[in-house]
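The values are calculated or read from the model by the stated rules, or taken from the named source; none is laboratory data. Since we're looking at a predicted model, the values are computed, not measured. Note that we place each Cβ from the backbone using ideal geometry, even for glycine, and neighbour counts take in every protein chain shown. Please note that ligands, DNA and RNA were not included when accessible areas were found on the heavy atoms of the full protein model with its side chains. Shrake-Rupley method; radii C 1.70, N 1.55, O 1.52, S 1.80 Å.
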Amino acid sequence: MPRPIATFPCPARANLAGMKYRMTRRQWLACLAGSAAPDRRRPNIVLVVADDLGSADLSCYGCGDIRTPHIDSLARHGLRFTQAYANGPECTPTRTALLTGRYQQRVGGLECAIGVGDVGRYDEAIWLAERGELGLPASEPTLPRLLKRAGYATGCFGKWHLGYRPKFWPSRHGFDEWFGILGGNADYFKHTEDDGRRVLYQNDRPVERKGYLTDLIAEEAIRWLRKTRPPFFLYLAFTAPHTPIQDPDQFDPATGTAPRRQGHRPTYARMVERMDARVGDVLAELDRMGVAEDTIVVFVSDNGADPNGSNGLLRGRKGTLWEGGIRIPCLMRWPRALPAGRDVQQLAMTMDLAPTLLAAAGVRTAGAPHFDGLDLLPVLKGEAAPFSRTVFWRYKRGNDRRKAVRRGSWKLVVDNDRKELHDLARDEREQHDVAAEHPDLVRELEALLAKWERDVEAPRLRGYRSGKA
C-alpha cells in the first residue's frame, strides 16, 4: 500500500513536531516551490472524459438500453450534476476549456474540432493552420502543468485533439507520460484516421498496438497507475463512443478491423458498455492501491450526443448550442470530502473543473491568467448554496456562426442570425420561443454577449483581425 503523505509541508516542520519525515524528490520540489497549501492531504485526481456521450446515455441519467453500473457507481457514491454544460458542442473547444479553466475563445482558433490531418475548419482556424499554429500553445497554463508544479505525477491516456504538431503535444503541457491518438477519432482496431494516417503515439513516438482502442487506453492508464506514487493526476480521455461505431467483439481478421455501423444503436450500446467496464477496472485499481477514499474521480462527456447517441428529450445535438448539444452527464466522487448520492443543481461548465480540482488539491495559481471557470467546491461540499450565473458559448465551423448566453434560467440562442429566447425553468426542451414577448430582455442579453465577445478576443489572432500576415 502506498505510504500516506505527511500533513507537514516540509521537513523543518516535521522535525519540530518530533516526527520522522520521508519525502520523495517530487514532494521536496513542491515544498521548495510553495505551490501546495500547507497542512493538508492532497487528493489524487482521475478525470475521465467520454467522447460524444449523450446526456441520456447512462443508466444513472435514465437510459434504459445501456448498462453502465461502474460509471453509475460514481453517482451512487458521489455527486450527479443535473445542470452541467460543455464549453462547446464539439471536442477541441471543450477540451481546451477543460485544461485551461478559461473560455476557449481566449486561445483563438479552437472553436470547433481540428480537422483530420491538422485542418482548420473556419476562417481564423484556417489562418492559424497555414502558419503551423493550430493547437493549444504550450504557453497556456494548464491543469496538468499546475498540478505537476505542485508535486503531482501526471499521465494522459486517450484522445488529445489539441494539436497535431509536436509543440502542442501532451508532453508540452505538463504530462509526464502519455499514450493515445492525436486527432479527433480513429478506427478502433487499425488506429488510423479516415485518410489512413496512423495517429497512435506513446511519449512523442508513433507506436503500433493490437487491440480495441478503448481497451488499450485503459490498460495503459492502469499500467501507469501501478508504477506511480501519490499524489497523481490521471487524464483518461476515451475515444468512445465517438464514430466509427464499431463493436469491440466483432473484429474481422480478413479486414483487420470491425464493421462500421453508423446509426446502429445496439453497437453503440456495446461501445459504451465496454467503456463502462474499463472505467470499472480503473476504479478497482484505485481500490487495490488503497487510495480510493482520497481520490477525486470525475466522469464527464465533452459535448452532447451525435445522431448515434441520445440526449433524451432535449433539443439539438452535437454541433448545436441547443441543450442537446451542450448539456452533458457529469459525475464526481471523493469519499473523504464529498457527500454521496446527491444531485447537484448548480449550473456548471467544463471550465469549472480546473479551478475546482486545483482548489481541492490546495494548489495556488498566483501569476497564472485568471480563470473564467469557478471553484465550485464549497457548493459541492454543501457549505454554500447554488447560485445564479451568466455563461456564454460561441461556435464556428465553416459558415456556421452560433452563439448563446444563459443568465439564470433565461437562454438566448443566436443560430446563424436566427434568435430564440427560452426560459429553461419552464421550457427545458426549448420548444417555445418567447423572444417576441421579451424584446428588452433579448436586447439586454445580446449586449452581454457582445461585451463578452470583445473581452475574450484572442491576442494571437490580432494579425488575422488586422489583415496582417
The one condition in (1) over 19 Å from residue 42 (Cα atoms); (2) assigned to a loop (DSSP other than H, G, I, E, B) that residue 338 fails to fulfil: (1)
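Matching residues to (1) aliphatic (A, V, I, L, M); (2) in contact with a Lys or Arg (Cβ under 6 Å, 6 or more places away or on another chain):
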position	(1), (2)
64	no, no
99	yes, no
103	no, no
111	no, yes
Against the conditions (1) small (Gly, Ala, Ser); (2) touching a Cys at 6+ places or on another chain (Cβ under 8 Å); (3) part of a helix (DSSP H, G or I), where does residue 221 fall short? Just the number, please. (2)
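Are any residues in the stretch 361-415 in a loop (DSSP other than H, G, I, E, B), within 30 Å of residue 46 (Cβ to Cβ), modelled with pLDDT of 95 or more and open to solvent by 20 Å² or more (accessible area, probe 1.4 Å), and if so, which ones?
Step one: of the stretch 361-415, the residues in a loop (DSSP other than H, G, I, E, B) are 362, 364-376, 381-389, 398-399, 408-409.
So of that shortlist, the ones also within 30 Å of residue 46 (Cβ to Cβ) come out as 362, 364-376, 381-387, 389.
Of the ones still in play, those that are also modelled with pLDDT of 95 or more are 362, 371-376, 381-387, 389.
Within the stretch 361-415, 371, 372, 374, 375, 381, 382, 383, 384, 385, 386, 387, 389 meet the criteria.
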Within the stretch 435-469, residues open to solvent by less than 30 Å² (accessible area, probe 1.4 Å) and of a type in the set (A, V, I, L, M) come out as 435, 441, 442, 445, 449, 456, 458, 461
Test each condition in (1) over 21 Å from residue 93 (Cα atoms); (2) assigned to a strand (DSSP E or B); (3) not polar (S, T, N, Q) for residue 209 and report the one that comes out false. (2)
Among what's in the stretch 241-293 and is closer than 21 Å to residue 209 by Cβ and of a type in the set (Asp, Glu), pick the residue that is most open to solvent (accessible area, probe 1.4 Å). 249
Of the conditions (1) more than 27 Å from residue 428 (Cβ to Cβ); (2) among the hydrophobic types (A, V, I, L, M, F, W, C); (3) surrounded by fewer than 22 Cβ atoms within 10 Å (Cβ to Cβ); (4) in contact with a strand residue (DSSP E or B) (Cβ under 8 Å, 6 or more places away or on another chain), residue 119 satisfies every one except a single condition; which number is it? (4)
Condition test on residue 145, is it open to solvent by 30 Å² or more (accessible area, probe 1.4 Å) and under 30 Å from residue 249 (Cβ atoms)? no
When (1) under 20 Å from the mean Cα position of the chain (by Cα); (2) open to solvent by less than 10 Å² (accessible area, probe 1.4 Å); (3) within 24 Å of residue 305 (Cβ to Cβ) are applied to residue 178, the one that fails is (3)
Matching residues, the stretch 82-116, being buried (at least 24 other Cβ atoms within 10 Å of the Cβ), assigned to a helix (DSSP H, G or I) and not hydroxyl-bearing (Ser, Thr, Tyr): 91, 93, 95, 97, 98, 99, 104, 105
Long-range neighbours under 9 Å by Cβ, at least six apart or interchain, first residue at positive phi within the stretch 396-416, second open to solvent by 60 Å² or more (accessible area, probe 1.4 Å): 398/121; 408/388; 408/425; 416/399; 416/401
If I ask for residues that are part of a helix (DSSP H, G or I) and more than 16 Å from residue 332 (Cβ to Cβ), which ones from the stretch 280-296 would you list? 280, 281, 284, 285, 287, 288, 289
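Across the stretch 250-294, which residue is farthest from the chain's Cα centre (by Cα) among those that are among the β-branched types (Val, Ile, Thr) and within 27 Å of residue 75 (Cβ to Cβ)?
267
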